[in-house]
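Working notes, beginning with the structure itself.
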């Protein structure tokens with residue numbers, strides 16, 4: 001149990017550090033990534049107005065149609081393309097990337113690269 005608490009404390013510490021440096025606006029919202037063992041959740045947040053513009057996850061119908069798994073890098077790449085297209089439809093072209101305390105590696109990196117390929121700038 002001690003190891004789990006240590007990991008959770010490290011994640012919370014990284015998350016606080018990232019959030020101290022990253023803030024979104026209406027013109028350039030914050031792309032907030034939350035990752036669990038089996039799914040990925042993304043929100044576009046305007047921190048000035050304290051509003052969530054919209055959110056999307058691997059549990060949604062668009063991702064389910066792909067037949068991929070949200071727990072691996074291939075699924076994260078497919079989900080990143082869906083996120084990029086959804087942001088373009090909502091009129092969002094530039095974002096600030098918030099990795100949510102997760103290391104920029106694996107699924108988080110694959111998601112970010114696929115979002116860039118789909119047209120988001122960050």
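The set of residues in the range 111-122 that are in a helix (DSSP H, G or I) and either touching a residue at least 40 places away in the same chain (Cβ under 8 Å) or closer than 29 Å to residue 13 by Cβ (or both) comprises 111, 112, 113, 114, 115, 116.
For the range 70-110, the tally of residues that are surrounded by fewer than 15 Cβ atoms within 10 Å (Cβ to Cβ) and assigned to a loop (DSSP other than H, G, I, E, B) stands at 8.
Please tell me if residue 66 is within 14 Å of residue 97 (Cβ to Cβ), surrounded by fewer than 21 Cβ atoms within 10 Å (Cβ to Cβ) and either in contact (Cβ under 8 Å) with a residue 24 or more places away in the chain or over 14 Å from the mean Cα position of the chain (by Cα) (or both). When the stated conditions are applied, residue 66 does not pass them.
Let's see how each residue does on (1) crowded, with 16+ Cβ neighbours inside 10 Å; (2) within 18 Å of residue 109 (Cα to Cα); (3) at pLDDT 95 or above; (4) out of contact with any helix residue (DSSP H, G or I) (no Cβ under 8 Å at 6 or more places or on another chain):
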site	(1), (2), (3), (4)
13	no, no, yes, yes
21	no, no, no, yes
24	yes, no, no, yes
28	yes, no, yes, yes
31	yes, yes, yes, no
34	yes, yes, yes, yes
40	yes, yes, yes, no
44	yes, yes, yes, no
51	no, no, yes, yes
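Scanning the range 1-52 for residues that are in contact with a strand residue (DSSP E or B) (Cβ under 9 Å, 6 or more places away or on another chain), more than 26 Å from residue 77 (Cβ to Cβ) and in contact (Cβ under 8 Å) with a residue 24 or more places away in the chain returns 23, 27, 47.
The values are calculated or read from the model by the stated rules, or taken from the named source; none is laboratory data. Model, not experiment: these values are computed from the prediction. When we count neighbours, we look across all protein chains shown, and the Cβ atoms used for this are built from the backbone with ideal geometry, even at glycine.
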